[in-house]
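Below is one structure, written out as structure tokens; comments come after it.
Derivation of every value follows stated rules applied to the coordinates shown; laboratory data play no part. The structure displayed is predicted, hence computed values, not measured ones. Every residue, glycine as well, gets a Cβ built from its backbone with ideal geometry; the counts of neighbours run over all protein chains shown.
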Amino acid sequence: MNPRKLAVIGAGPVGAILTAHLCSQGHPVFLVDSWKEHIEQIRSEGLRITGRENILVRPAHLYGSIEALAEVVPDFVFICTKACDLDNVLGAFREDLTSRAVFVSVQNGIDTEQVLGKRIGLARVLRAVITYGGVLVGPGEIRETFFNPPNYLGWLDERGKDCCREIAELMSAAGLTTEATPEIRKYVWKKAILNSCTMAPAAVTGMNMQEVIDFPPTGQLVELLLQESIATAAACGFDFGPGFDEYVKEFNKRAGPHRPSMLVDLEKRRRTENAFVIRRIAEYAEQKGIPAPVHRTLANIIDALEKRGLELDGSNASAKQHKS
């Protein structure tokens, strides 16, 4: 396969692991991240992946802003930021980029690809569901913690089918086995259900996943969230069959004392992906006439916690600026 010009926006665990694998296959990768120390460490020492595998690559093209991509116009652009940052990403795209490249949403949550499609057009937007993960060790280093292949990649419009299959082959050849599928939304919903039933209680209580499951009152919340989300998915046309609830429970038990990203975001007073996960499930439930009071309640609480955190962070920043 001839090397393609590839851009990866976001050098967190998902984007960095993807970049390392693509670079190892000789593809020119244009890596974009706004964290200056991270980019400078990669520039000087390379991008290091440890844990499940050990990879050290030196991406030839490193940028601190998305606007720089307009100079190169990649063939494929992988958006690996948090879903809540999608509006900022879209705001930085220039027309010469959006009119020529194919974009892949590599993000958590429901309907991120639809947001992209409204701006770019469905024919040049693809959606990925990633089944690997890791943690940021420090600038320039990611520890890969798991990969449960395959990843899934789907098209939104028949005109995107060939590109979808090409990218799936490209990722598979780079060691990230990926399956092209016309049923990508089913996999999107499955991952959302797996994540949301423990993510929301953890976010509002400060507990890790194991604590949420083991403590009876929060364990009851997990059960209620799970049943609401499964019923909503079924009403949307995604039936995962008998025994799926038990599969989800076992999956989450294996996570151990993991701290979901939504909890970490609230603690660090950052925006969360609530709008694309908990709140989005509540919205679909209401559209389909499915009772989902627990999703709606927790979505509202998470929004309130996020708002308060952002206000406090802004107040502290203003106080520091005034003091200096």
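Once the dipole of the chain is set up with Lys and Arg at +1 and Asp and Glu at -1 on Cβ about the Cα centre, which of I213, P201, A16 lies farthest towards its positive end?
It is A16.
Once the piece of chain linking K118 and D87 is laid out straight, how much longer is it, given 0.36 nm per residue of separation minus the C-alpha distance between them? Numbers along the way, then the final one.
Numbers: separation 31, 0.36 × 31 = 11.16 nm, distance 1.20 nm.
The span from K118 to D87 would gain 10.0 nm if fully extended.
List the aspartates and glutamates whose Cα sits under 18 Å from the Cα of K253, skipping any in the same chain fewer than 8 residues away.
Within the straight-line limit of under 18 Å, K253 reaches these aspartates and glutamates: E211, D214, E223, D245.
Within the range 1-27, list the residues whose amide N lies under 15 Å from a label point set 7 Å along Cα→Cβ of R52.
From the range 1-27, the list is 13-22.
Given the options L224, V77, G241, identify the residue whose Cα lies farthest towards the positive end of the charge dipole of the chain (+1 on Cβ of Lys, Arg; -1 on Cβ of Asp, Glu).
Of the listed residues, the answer is V77.
Using packing as a proxy for protection, rank 83-94, 267-278, 26-37 so that the peptide with the highest average count of other Cβ atoms within 10 Å comes first. Please report the intermediate quantities before stating the final value.
Values: 83-94: 17.0, 267-278: 21.0, 26-37: 19.0.
Per-residue mean Cβ counts within 10 Å order the peptides as 267-278, 26-37, 83-94.
Could you give the DSSP H helices of the chain that reach 24 angstrom or more along their long axis (alpha carbon positions) and whose average Kyte-Doolittle hydropathy is no lower than 0.0? Before the final figure, lay out the partial values.
Working: long enough: 184-205 (32 Å, 0.32); 216-235 (29 Å, 0.56); 293-323 (45 Å, -0.67).
Helices meeting the criterion: 184-205, 216-235.
Counting Lys and Arg as +1 and Asp and Glu as -1, each charge on the Cβ, what is the dipole of the range 176-324 about the Cα centre in debye, to the nearest 20? All intermediate terms of the calculation are to be shown ahead of the outcome.
Values: 20 positive and 19 negative charges, 123 e Å.
Rounded to the nearest 20 debye, it is 600 debye.
Nearest 5 percent is fine: what portion of the DSSP beta bridges confined to the range 6-182 is antiparallel? Let's see the in-between values first.
Values: 13 of 39 bridges.
The antiparallel fraction comes to roughly 35 percent.
Have a look at the DSSP beta bridges in the chain and tell me what percent are antiparallel, nearest 5.
Numbers: 13 of 39 bridges.
Just about 35 percent of them are antiparallel.
What is the log10 of I(q)/I(0) for the range 190-324, computed with the Debye formula using one identical point scatterer on each Cα and no solvent, at q = 0.14, 0.18, 0.20 Å⁻¹?
-0.62, -0.95, -1.12
Relative contact order for the chain: what is it in percent, counting Cα pairs under 8 Å that are at least 6 residues apart? The partial results should precede the final answer.
Values: 586 pairs, mean separation 45.5, N = 324.
For the chain, the relative contact order is 14 percent.
Mind putting a number on the dipole of the chain about its Cα centre? Charges go on the C-beta only, +1 for Lys and Arg and -1 for Asp and Glu, and I need it in Debye to the nearest 20.
Values: 38 positive and 40 negative charges, 78 e Å.
I would put it at about 380 debye.
Between D96 and E37, what is the label-point separation in nm under the 7 Å Cα-to-beta-carbon projection?
Output for this residue pair reads 3.5 nm.
Which whole-number percent is the relative contact order of the range 64-199 (Cα, under 8 Å, 6+ apart)? Write down the numbers at each step before the final one.
Details: 209 pairs, mean separation 25.0, N = 136.
Dividing the mean separation by the residue count of the range 64-199 yields 18 percent.
Could you give the distance between the Cα centres of the range 34-52 and the range 266-306, to the whole Å?
Between the Cα centres of the range 34-52 and the range 266-306 lies a distance of 33 Å.
Roughly how compact is the range 6-182, stated as its Cα Rg over 2.2 N^0.38 Å to two decimals? Each step should come with its number before you reach the end.
On the way: Rg = 14.8 Å, N = 177, 2.2 N^0.38 = 15.7 Å.
Its radius of gyration relative to the 2.2 N^0.38 Å reference: 0.94.
Kindly list the residues of the range 231-263 that lie in the label zone of F146, defined by a backbone N under 18 Å from the point 7 Å along the Cα-to-C-beta vector.
244-263
Ordered by packing density, taken as the mean number of other Cβ atoms within 10 Å over each peptide's residues, highest first, how do 147-160, 116-129 rank? Intermediate results must be reported in sequence, preceding the final value.
Working: 147-160: 18.1, 116-129: 21.2.
So the order, starting with the most tightly packed, is 116-129, 147-160.
For every helix of n ≥ 4 consecutive DSSP H residues, a contribution of -39,500 (n - 2.57) applies; sum these over the chain, divide by its total residues, and give [θ] at 222 nm rounded to the nearest 500 deg cm²/dmol.
Details: 13 runs with 162 residues, N = 324.
That calculation yields -15500 deg cm²/dmol at 222 nm.
Which of the lysines could be linked to K5 by a straight reach, that is with a Cα gap under 25 Å, when you skip same-chain ones fewer than 8 residues away?
Output for K5: K36, K82, K118, K161.
Work out the length of the dipole vector of the range 6-182 about its Cα centre, built from +1 on the beta-carbon of each Lys and Arg and -1 on the beta-carbon of each Asp and Glu, and round it to the nearest 20 debye.
Working: 16 positive and 22 negative charges, 21 e Å.
I would put it at about 100 debye.
Packing-wise, with mean Cβ within 10 Å as the measure, how do 101-108, 211-218, 280-287, 231-238 rank, highest first?
Values: 101-108: 24.8, 211-218: 16.0, 280-287: 20.0, 231-238: 17.8.
Packing order, densest peptide first, comes out as 101-108, 280-287, 231-238, 211-218.
Starting from a Cα-only point model with no solvent, please compute log10 I(q)/I(0) by Debye for the range 100-153 at q = 0.18 1/Å.
-0.71
Scan (i) 66, 45, 35; (ii) 88, 40, 24; (iii) 57, 52, 38 for the value of Cα extents along the principal axes in Å calculated from this model and give just the label.
It is the value labelled (iii).
Taking a label point 7 Å from the Cα of E183 along the Cα→Cβ vector, which residues of the range 145-160 have an amide N closer than 15 Å to it?
Flagged as within label range: 150, 152-155.
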